[in-house]
1. Please find the FRET efficiency linking A:Phe69 to A:Asp258, where r is the Cβ-Cβ separation and R0 is fixed at 22 Å, and quote it to the nearest 0.05.
2. So how do A:Leu34, B:Leu149 line up by other beta-carbon neighbours within 10 Å, fewest first?
3. Subtracting the Cα-Cα distance from 0.36 nm times the residue separation, let me have the gained length for B:Arg200 to B:Arg271 in nm, one decimal.
4. When only DSSP loop residues count, what chymotrypsin sites (Phe, Trp or Tyr not before Pro) in the range A:130-238 have their Cβ near at most 16 other Cβ atoms within 10 Å?
5. I need the shape label for the range A:24-175. Rule: rounded when a/c is under 1.5, else prolate if a/b > b/c, else oblate, with a, b, c from the alpha carbon gyration tensor.
6. Give the calculated FRET efficiency between A:Leu403 and B:Gln121 to the nearest 0.05, with a Förster radius of 56 Å applied to their Cβ-Cβ distance.
7. About the Cα centre of the protein assembly as shown, how large is the charge dipole given +1 on each Lys and Arg Cβ and -1 on each Asp and Glu Cβ? Please answer in debye to the nearest 20.
8. How much length is gained on full extension from A:Asn275 to A:His55, taking 0.36 nm per residue of separation minus their Cα-Cα distance?
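We did not get these values from a lab; they are worked out from the coordinates using the rules stated. From a predicted model like this one, the values you see are computed outputs, not experimental measurements. Cβ coordinates were reconstructed from backbone atoms using ideal geometry, including for glycine residues, and neighbour counts include every protein chain displayed.
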Amino acid sequence: MDRINSLRNGPDEHGRFGIYGGRFVAETLMPLILDLEREYRAAKQDPAYAAELKHLATHYTGRPSPLYFAERLTAHLGGAKVWFKREELNHTGSHKINNCLGQILLAKRMGKTRVIAETGAGQHGVATATVCAKFDLPCTIFMGATDVERQMPNVLRMKMLGAEVRPVTAGAGTLKDAMNEALRDWVTNVDSTYYLIGTAAGPHPYPEMVRDFQSVIGTELKEQFREAEGKLPDAVVACVGGGSNAIGTFHAFLDEPDVAIYGAEAGGHGIETENGHAASMTGGRPGVLHGNRTYLLQDGDGQILEGHSISAGLDYPGVGPEHSYLHDTKRVTYAPITDNEALDAFQLCTKMEGIIPALESAHGLAQVIKLAPTMRKDQSVVLCLSGRGDKDVESVGKYLGLLK
Amino acid sequence: MNTRIDRRFAELKAQNRPALAAYVMGGDPDLATSQAILNALPQAGADIIELGLPFSDPMADGVAIQMGAQRALKAGQTLLGVLGMVEEFRRKDDTTPIVLMGYYNPIYIFGVERFIAAAKQAGIDGLIIVDLPAEEDDELCIPALEAGLNFIRLTTPTTDDKRLPTVLANTSGFVYYVSMTGITGGAIKSRGAVGEAVQRIKAHTELPVIVGFGIKTADDAAEIGRHADGIAVGTVLVNAVATSLEDGKATDKTVGAVRDLVAELAGGLQRARS
Ligand SMILES: Cc1ncc(COP(=O)(O)O)c(C=O)c1O
C-alpha cells in the first residue's frame with residue numbers, strides 16, 4: 001500500500017486524525033504539550049532511547065508476549081481458530097506497562113521530578129506506580145471512588161509500590177472524573193510534573209505517543225502469526241476503553257485490507273439503556289473533552305454523560321481520536337458487548353483455557369465468541385488478551401453470588 | 001472593532017480606574033435567582049460581567065466553580081438558557097460588557113455558526129473559552145472575530161515571551177492574565193510577580209490586561225489593581241452564592257450576598273489608584 005493512501009499516516013501536524021484529535025487544553029498546559037512533542041520527536045531519533053526501551057521490554061516486561069492457540073475454545077466455538085496475544089503475561093499483568101516504560105523514559109529526559117496518572121481498573125495506576133518505583137520518582141494516582149471500591153487489589157498494589165492514591169468523588173467517581181482531577185493537578189504543578197496518560201487519548205501528542213508504545217503488540221503478533229501459520233490472521237479483536245491496547249493491536253494491520261478488525265466497546269446494560277453503557281462510538285457523537293475531539297457520550301446540550309460498564313477500565317464516555325477516525329472510515333468495526341456477555345466470556349475463558357481474563361479483555365473475548373462461529377475453520381481470529389483478571393475475581397465473585 | 005468592551009475600557013481609562021470583572025455562573029443556584037444576580041451586578045460595581053456557561057467537566061476549575069456548574073445544570077440550565085439571561089439583561093443595560101466564559105463542547109454541539117449568531121443577537125460581547133488555545137483558532141476564534149465578537153485569551157505564567165505573540169495574535173477586547181499555574185480558587189503565590197508579568201504582557205500588546213484567579217478580598221483587589229488594568233473575581237462570588245443557600249435552595253440572602261461582596265471588592269479596587 002502506498003504511503004499516501006495509508007491509514008497509518010496520522011496524525012497530521014495539528015495532531016488530527018481526520019477531524020479528530022487536536023490540542024483542546026488550557027493555555028497553561030499548551031507550552032508543556034508542545035515541549036513534550038519536541039522531546040518525543042527527539043527521543044524517537046535517539047538510538048539510545050530505543051535501545052533502553054527494548055532492553056526494558058525484554059528483561060523487565062518479559063516481551064515478546066506469547067501468541068497462544070486456544071484449542072478448547074476453538075473446538076467449543078466450532079469455527080475459526082482462536083488465538084490470544086498474551087499481554088496479560090506482561091509484568092504488572094496488562095499491556096499498560098508498554099506505554100508506561102516509554103513515557104517514564106521521556107519524563108526522565110525532560111527532567112521531571114513527579115509523575116501523575118489517572119486510572120480506571122487500576123492497571124495503568126499499577127503500571128505507573130511500578131515504573132515510578134523503578135525509576136525513583138514520586139507518583140500520585142487519581143482514581144474514581146467507585147473504582148477504588150471495585151478494584152481494591154490494585155489499590156493495595158499501588159500503595160505498596162509507594163504511590164499516593166487519591167480517590168475522586170466528583171461525578172460518578174469513575175475514569176472520566178479521575179482524568180479531570182489529574183488535569184487539574186497537572187495545571188497546578190506544570191513545572192515539576194509529568195502527566196503519564198494511560199490510554200491513546202488526551203491532547204496531541206498523547207494519542208500518537210501511546211499508540212506508538214503499544215504498537216509493539218500488533219507488530220509482534222503479525223510476525224508470530226506468520227511464523228505459526230505462514231499468513232496473516234483473518235481477524236484481530238481488542239476491547240476498547242480509551243483504546244490503547246486496541247490501537248496497539250490494530251495499527252500493524254490497518255493497511256492489510258484482508259484482515260478484518262473489530263473493537264469491542266462496553267455495552268453495559270445494553271446500548272438502548274440511556275446512560276447505561278460506555279459505547280462512545282456506537283452510542284455517542286463527536287465532541288470535545290480531555291484535550292481532544294472524539295466520539296463522546298453526551299446529552300443534547302453537550303454535557304458529558306457518566307456512562308456505565310461493569311469493567312472499570314472501559315467505563316469512560318470517550319475514546320481515543322484515532323478510533324473515531326477508524327470508525328468513520330469504517331476500517332474498524334466497533335461493536336458493543338454487554339456486561340452479561342462479558343461475564344459469560346470471563347467464565348468460559350477461565351474454565352476452558354485456565355486463563356482468568358480481565359473484565360476489559362473479556363469484552364474482546366465476547367466479540368470473538370460471536371465472530372468465530374461465523375468464520376471458516378481454516379480461518380483465524382486473534383484476540384488481544386490485554387490483562388489478567390486477578391483484580392476482578394472479587395467483583396465477579398459478587399456478581400455470580402459466590403461471595404456474600 | 002468597537003465593542004462594548006472597547007468602549008468600557010476607554011471610559012475607565014478616562015476615569016483612571018481599573019476594571020472590576022465579576023464572574024457568576026449562569027443559572028446558579030437556579031435560573032430566576034441567577035438572573036436577579038446578573039441584573040444586580042452593574043449597580044453593585046461590576047464594570048464587566050463574565051457569565052459562566054456551565055459544563056459537566058470543567059477541567060480548569062476548582063471545587064467552588066465545579067459546584068456552581070453542577071447547581072446550574074441541575075436547575076436545568078442550557079446554552080440557550082444562558083443566552084436568554086443575556087437577552088433579558090440587555091433590556092435594561094446596553095452598556096455593561098458581557099463575556100461568556102466556559103468550555104468548548106456545549107458550543108461545538110450547539111453549532112459554531114448558530115452559536116455566534118445567537119450570541120450576537122443576545123448581546124454578548126466577548127468569549128473566553130478555556131480549552132481553545134491559539135493552536136485551535138480556526139474552531140471558534142476566527143469566526144467569532146469575523147462576526148465582531150471579542151475573543152479574549154488567557155495568558156498564564158507558562159506563556160513565555162516566545163509564545164506570547166502566538167497567544168496575542170487573535171486576542172481582542174482585553175487580555176486575561178491568569179495569576180498562577182493552577183485552577184480557579186487557588187491562591188496567588190506572589191503579588192509582586194503578578195505586576196512583573198503584566199508589564200511583560202504589556203510590552204507585547206496595547207490591549208488592557210486584567211488579572212484573575214486567586215483574588216479574594218478587597219485588599220487583594222486594591223493590591224493587584226495597582227498593577228493591572230483590571231481584576232477578575234469569580235470563586236469568591238460563587239462561594240457567596242453557595243453559603244447563602246439552605247438545603248441547596250436560594251434564600252432571600254442570596255442576591256444580596258453577591259451584591260454586597262461585589263460592592264466591597266469594588267471599594268477595594270478604588271483604593272488601587274489612590
Ligand atoms: C486489562 C485492560 N484492558 C483494557 C483496558 C482499557 O484501556 P485501553 O482501551 O486503553 O486499552 C484496561 C484499562 O484499564 C485494562 O486494564
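1. Given R0 = 22 Å and the Cβ-Cβ separation, E is 0.60.
2. With the fewest neighbours first, A:Leu34, B:Leu149 line up as A:Leu34, B:Leu149.
3. 23.2 nm
4. Those satisfying the criteria are A:Phe135.
5. Note, shape of the range A:24-175 comes out oblate.
6. For A:Leu403 and B:Gln121, the calculated efficiency is 0.40.
7. 900
8. Working: separation 220, 0.36 × 220 = 79.20 nm, distance 4.40 nm.
Net length gain for the segment: 74.8 nm.
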